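S.K.: A single structure is presented below for examination.
The values are calculated or read from the model by the stated rules, or taken from the named source; none is laboratory data. In this text, all values refer to a predicted model and were calculated from it rather than measured experimentally. Counting neighbours? That spans all protein chains shown, and the Cβs are built from the backbone with ideal geometry, glycine included. SASA here: full protein model, heavy atoms, side chains in, ligands and nucleic acids out. Shrake-Rupley method; radii C 1.70, N 1.55, O 1.52, S 1.80 Å.
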Amino acid sequence: MNGFGKIATISSNGNTDFEWNGGEGVFLVSGTFGASTTIKLQQKIGSAFVDLKDGSLAESGGFKFVTISTTLRVVVANISGNLSLNVQSLEK
(Lines give C-alpha, C1' and ligand atoms only; values in the text may rest on other atoms or scores of the structure.)
Protein backbone atom coordinates (compact mmCIF):
# COMPACT_ATOMS: atom_id res chain seq x y z
CA MET A 1 0.00 0.00 0.00
CA ASN A 2 1.25 3.46 -0.76
CA GLY A 3 -0.32 5.17 2.24
CA PHE A 4 -2.80 7.27 0.25
CA GLY A 5 -6.15 7.17 2.00
CA LYS A 6 -7.76 7.76 5.37
CA ILE A 7 -7.18 6.34 8.84
CA ALA A 8 -9.50 7.46 11.62
CA THR A 9 -11.23 6.55 14.86
CA ILE A 10 -14.94 7.28 14.70
CA SER A 11 -17.09 7.60 17.82
CA SER A 12 -20.22 9.31 16.51
CA ASN A 13 -22.80 8.98 13.77
CA GLY A 14 -22.41 10.97 10.59
CA ASN A 15 -20.44 11.36 7.38
CA THR A 16 -16.70 11.66 6.83
CA ASP A 17 -15.61 12.81 3.35
CA PHE A 18 -12.07 12.61 2.01
CA GLU A 19 -10.09 12.95 -1.19
CA TRP A 20 -9.25 9.80 -3.14
CA ASN A 21 -6.90 9.25 -6.07
CA GLY A 22 -9.23 6.83 -7.83
CA GLY A 23 -8.28 3.22 -8.42
CA GLU A 24 -8.23 0.11 -6.28
CA GLY A 25 -8.34 0.21 -2.51
CA VAL A 26 -9.28 -1.59 0.69
CA PHE A 27 -11.83 -0.59 3.32
CA LEU A 28 -11.16 -2.05 6.79
CA VAL A 29 -13.19 -1.45 9.95
CA SER A 30 -12.90 -2.87 13.45
CA GLY A 31 -14.46 -1.95 16.77
CA THR A 32 -17.57 -2.18 18.90
CA PHE A 33 -20.64 -2.59 16.73
CA GLY A 34 -24.08 -2.43 18.32
CA ALA A 35 -26.91 -4.61 17.03
CA SER A 36 -28.00 -1.90 14.57
CA THR A 37 -24.64 -0.24 13.72
CA THR A 38 -23.90 0.12 10.02
CA ILE A 39 -20.94 1.65 8.27
CA LYS A 40 -20.71 2.09 4.52
CA LEU A 41 -18.39 3.49 1.90
CA GLN A 42 -19.77 5.75 -0.82
CA GLN A 43 -18.31 7.32 -3.97
CA LYS A 44 -19.19 10.75 -5.33
CA ILE A 45 -20.75 10.63 -8.79
CA GLY A 46 -21.56 14.12 -10.07
CA SER A 47 -23.01 15.91 -7.04
CA ALA A 48 -24.42 12.78 -5.34
CA PHE A 49 -22.85 10.16 -3.09
CA VAL A 50 -23.67 6.58 -4.12
CA ASP A 51 -22.98 3.36 -2.20
CA LEU A 52 -20.16 1.22 -3.51
CA LYS A 53 -21.43 -2.25 -4.45
CA ASP A 54 -21.17 -4.50 -1.39
CA GLY A 55 -19.89 -1.44 0.50
CA SER A 56 -21.72 -1.86 3.80
CA LEU A 57 -20.58 -3.55 7.02
CA ALA A 58 -22.52 -4.45 10.17
CA GLU A 59 -19.53 -5.98 11.98
CA SER A 60 -15.73 -5.75 11.92
CA GLY A 61 -14.37 -6.67 8.51
CA GLY A 62 -13.39 -5.24 5.18
CA PHE A 63 -13.52 -5.44 1.42
CA LYS A 64 -11.61 -4.46 -1.70
CA PHE A 65 -13.08 -1.88 -4.10
CA VAL A 66 -12.36 0.00 -7.34
CA THR A 67 -13.63 3.47 -8.26
CA ILE A 68 -12.60 6.37 -10.47
CA SER A 69 -14.23 8.84 -8.07
CA THR A 70 -11.93 11.40 -6.45
CA THR A 71 -14.10 11.82 -3.33
CA LEU A 72 -15.21 9.07 -0.95
CA ARG A 73 -17.56 9.22 2.03
CA VAL A 74 -17.84 6.97 5.08
CA VAL A 75 -21.36 6.91 6.56
CA VAL A 76 -21.81 5.66 10.14
CA ALA A 77 -25.24 5.02 11.70
CA ASN A 78 -26.29 3.80 15.16
CA ILE A 79 -22.76 3.60 16.58
CA SER A 80 -22.44 2.34 20.17
CA GLY A 81 -18.66 2.49 20.69
CA ASN A 82 -15.50 3.40 18.80
CA LEU A 83 -14.69 2.20 15.30
CA SER A 84 -11.21 2.14 13.78
CA LEU A 85 -11.36 2.89 10.08
CA ASN A 86 -8.68 2.38 7.43
CA VAL A 87 -9.21 3.14 3.73
CA GLN A 88 -6.00 2.64 1.76
CA SER A 89 -5.01 2.64 -1.88
CA LEU A 90 -3.57 -0.52 -3.43
CA GLU A 91 -2.11 1.49 -6.32
CA LYS A 92 1.67 1.82 -6.47
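S.K.: Quick check: net charge around K6, other residues with Cβ under 11 Å of its Cβ, Lys/Arg +1 and Asp/Glu -1?
M.R.: Charge balance in the 11 Å sphere: -1.
S.K.: On to the next question. With +1 on the Cβ of every Lys and Arg and -1 on the Cβ of every Asp and Glu, and nothing else charged, how large is the dipole of the chain about its Cα centre, in debye rounded to the nearest 20?
M.R.: Using Cβ point charges on Lys, Arg, Asp and Glu, the chain gives about 40 debye.
S.K.: Using the heavy atoms of the protein chains alone and a 1.4 angstrom probe, what is the accessible area of the chain per residue in square angstrom?
M.R.: Here the per-residue accessible area is 55 Å².
S.K.: At a 1.4 Å probe radius, carbon and sulfur cover how many percent of the accessible area of the chain?
M.R.: Numbers: 2430 of 5020 Å².
Carbon and sulfur together cover 48 percent of it.
S.K.: Calculate the dipole size of region 48-92 relative to its Cα centre from +1 charges on Lys and Arg beta carbons and -1 charges on Asp and Glu beta carbons; express the result in debye to the nearest 20.
M.R.: Computed charge dipole of region 48-92: roughly 120 debye.
S.K.: For region 1-80, run through the chymotrypsin sites (Phe, Trp or Tyr not before Pro) and keep only the ones in DSSP coil with at most 10 other Cβ atoms within 10 Å of their Cβ. Walk me through the numbers on the way to the answer.
M.R.: On the way: sites: F4, F18, W20, F27, F33, F49, F63, F65; in loops: F4, W20, F33.
Taking region 1-80 and a limit of 10 other Cβ atoms within 10 Å, no loop chymotrypsin sites (Phe, Trp or Tyr not before Pro) are found.
S.K.: Would you tally the net charge around V74, using a Cβ to Cβ cut-off of less than 10 Å, leaving V74 out, and scoring K and R as +1, D and E as -1?
M.R.: +2
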